[in-house]
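Below: the structure, in structure tokens.
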Amino acid sequence: MSESRPTREAYYRVLADCVSNETLVVTSLGNASYVWSNVCDRAENFYLEDAMGLALPLALGLAVSQPRRRVVAVEGDGGLMMHLGTLITVGSVAPRNLTILLVNNNIHAASGGQPLTSTELDLAALARSAGIDGTEKVGSLDTFRTLLPPALADEGPTLLVLATEPDIPPVKPAFPMNPPMMKQRFMDAIGVPRYVPAMFRT
């Protein structure tokens with residue numbers, strides 16, 4: 001590990017110490033979800049599978065629909081580049097309860113480690129230009145420990161760009177990730193009634 005780039009797990013351990021019982025955490029696919037499941041599995045986590053770049057859109061919807069809860073989106077830089085329009089929407093909607101942790105490792109880790117199309121893009125400047133004023137760059141765990149509590153407590157949206165050491169080999173998750181079961185567990189945690197297709201309703 002380079003001194004200037006902490007690992008994903010190291011960032012996650014700091015996050016685990018800061019999230020409240022009511023905080024909803026949405027993690028993107030691959031190690032973003034697998035590592036978090038090992039560090040801090042809880043029913044209020046939504047682990048995405050095979051949906052690159054959709055952690056932030058989902059978290060945005062949750063922030064709007066669950067205004068009394070803090071929502072944390074853990075998105076990758078590659079995923080964000082696939083859905084940059086979401087960043088603009090976040091800046092426009094400006095949900096006060098949304099915190100974005102952007103893992104900046106300059107690769108598409110979940111698909112094999114391919115380099116990003118542009119590794120020189122200033123993602124923090126991009127977020128600010130989209131209207132997310134509470135944006136900061138993070139390059140060390142000490143900085144993260146300082147900036148994360150206010151990012152989770154202040155009026156959002158807030159965004160922290162986390163310079164992160166790449167982790168290409170898949171990590172074994174805490175349990176087999178079954179998307180329908182994980183979705184239902186999360187829905188139960190936030191008190192959403194079970195969905196019944198109209199054709200089966202009486």
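FYI, it's all coordinate maths here, none of it is from the lab. These figures come from a predicted structure and were not determined experimentally. Note that we place each Cβ from the backbone using ideal geometry, even for glycine, and neighbour counts take in every protein chain shown.
Taking a ≥ b ≥ c as the square roots of the eigenvalues of the alpha-carbon gyration tensor, region 8-200 is classed rounded because a/c is under 1.5. For region 149-202, the average shadow cast by the Cα convex hull is 7.8 nm², which is a quarter of the hull's surface.
Peptides 76-84, 170-178 ranked from most to least packed by the mean count of surrounding Cβ atoms within 10 Å: 76-84, 170-178.
Packing here is the average count of other Cβ atoms within 10 Å per residue, and on that basis the peptides 184-197, 28-41, 49-62, highest first, run 28-41, 49-62, 184-197. Summarising the strand pairing of region 1-123, around 15 percent of its internal DSSP beta bridges are antiparallel.
The packing ranking, built from the mean of other Cβ atoms within 10 Å per residue, places the peptides 68-75, 92-99 in the order 68-75, 92-99, highest first. Site pair ALA198 and ASP133 shows an inter-label distance of 4.3 nm when each label is modelled 7 Å from Cα along Cα→Cβ.
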